Structure formats: structure tokens, C-alpha cells
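The values are calculated or read from the model by the stated rules, or taken from the named source; none is laboratory data. Keep in mind that what you see is a predicted model, and the values were worked out from it rather than measured. Ideal geometry is used to build each Cβ from the backbone, glycine not excepted, and the neighbour counts take in all protein chains shown. To get the accessible areas, we keep the full protein, side chains included, count just its heavy atoms, and leave off ligands, DNA and RNA. Shrake-Rupley method; radii C 1.70, N 1.55, O 1.52, S 1.80 Å.
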Amino acid sequence: MRRLPPLALLLAVLSLAACLPVLARPLVQLDLVDRDTGQWLPSQPHRGERWIAGDPGHRYAVRLTNTSGERVLVVLSVDGVNAITGQIASPSQAGYVIGPWESAEITGWRKSMGEVAQFVFSAPHDSYASRTGRPRNVGVIGIAVYTEAAPHRQPPSAPPIAGAQARAAQEAAAATDDGQARRAASADAYGMPAPSAPPGIGTGHGARESSWTQRTHFVRSARPAQIEQLRYDTRENLIARGILRERRMPPWPRPAPQAFPQGFVADPPYRR
């Protein structure tokens, strides 16, 4: 068999690489940070969804990272509730505006322009959504991301708030319905019912803390460029569902018996 010279082989490899699909990264990266430990919470993929294990009683932040060179508007939903307005979440509602290549950590439910109530992993019945009569979507955090129709070339340093835009409601609702249909079809493909088991934790309405923001003008695109969600539950529940593997410590090695151990004969215990 005739061998290709090194240069020809290199060109062949480069040609093959050019034909491979380029993996698109998300416009906004969605992550959770445990504020009590300071650790990022790793996500575990499972049947088309991302799952995160949370510790009950711990405060957390939703970290949003803009991976583009333009401003974006991010509508944040926690347990099916808009984190700014407290309404049942819809993609067309108010959201946070994040500048090019910037990150923002949203630490709680927006109470005013200068204050939030902390996000806290809590029992499902004590979650904000359940306490306000909306327990159906406890255990999920989602974002709807819009690009800017009229780019603003001077991004602010902090994530301001942009209001809702009525004309995007139909397109956004259609995109949400399509996503729900795809998730249901995926569940059916695995022989699983679309509804999932009740979660072991939700997001509570924690202590208030300072978190200043401001209003800004943002003309959003006609429909969201990205809709994404994270599911979360206790580590025990995720292990029980087979999403996480239980970490077991290896057994402590038992020393082998020795016929001639070091030392001398000790006195027997004193009898009373």
C-alpha cells in the first residue's frame, strides 16, 4: 500500500476536519453557584436534560454568562416564576440585560431596584412558588435569551432590567410549546411518562440583601434566540433516579494477621 507523505497526510486531516460540524455554544451559559460553599454546582446530563444536586438550606446564585459580543436580554424563570416580576414565567416578560462577554450572578427574587430575597434550596412545600399557589413547576430553572434588534454600543457595567415586550409574546409562546412537545416526545421515546416524580427541594424566599440595578432600553428580537432549562433536586433523589452514582468510600484495608508481631507480652487485664 502506498503511504502518503507527511505533508499530504496533514492536508488530508485538515480537509477532513473542515468537513466536520462545528458545535455551537449557547448564547448565554447558565450555571448555579452554591453561595454557602463558594462552589460551582456541576450538572449531570440525563436523557436530554441537565440535572444539578442542591443542598437543602444552602443559598445559591444563578450565574449568567454572555458568550457574545452584543448585549442580550435574559428572562429568568425559577420554579416557573419570573425572578423579577413574580408572575408565572413567560419568555416575553421583563429580564436582565447583560453586556458583551459579561457575567452576572442573580442571587434572589427581585423585591425592588436595590434589594432581593435570597434564592435558598428549601423543602418543596416551603418554596416561593408553592407558597404562592403555583407548585407545578418546582425544581426547574430556565432562561429565555433575546438578541438586540437595535444594538446598544455602550453596555452598562451592571445587569440592568429591561421591560416586557408584547409583540414577542406569540413567537415566544410558540417556541416554548415546541420545546415542551420535543421534551414530551423524548420521554415517550424512552418509554417514560412526560410528568416526572415530585422534587425533593424547591427555591425558597430567603433573607433580603442589597442588590442594586437600574432600568435600561432594549429592543428585543422577534423571538428568543435560546431557551434552556436546568433541573435540580437533592443528591439522594438523583441517586435514587439513577442520574447520579452514589460515591462509596473504599473499605479500609484490614491488616493481615502476623505470627510474630513486634513487642513483648503484656499483663492481662486486672480482675476486680
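Side notes on the structure shown:
- Stretch gain in nm, segment THR234-ASP126, where the contour uses 0.36 nm per residue and the Cα spacing is subtracted: 37.4 nm
- Per residue value of the accessible surface for the range 36-76 (all protein chains in place, 1.4 Å probe), Å²: 43 Å²
- Efficiency of FRET between VAL219 and GLU246 - r from beta-carbon atoms, R0 41 angstrom, step 0.05: 0.25
- Stretchable slack from SER210 to THR37, in nm (0.36 nm times residue separation minus alpha-carbon distance): 60.3 nm
- According to the calculation over all Cα-Cα pairs in the range 73-155, the P(r) per 5 Å bin from zero is 3, 14, 24, 23, 17, 10, 4, 3, 1 %.
- Label positions at ASP55 and SER103, each projected 7 Å from the Cα along the C-beta direction, are separated by 2.0 nm.
- Here the accessible area is traced with a 1.4 Å probe on the protein chains. For the range 21-112, carbon and sulfur cover 52 percent of it.
- Using a Förster distance of 22 Å, the FRET efficiency for MET113-GLN226 (Cβ separation, nearest 0.05): 0.25
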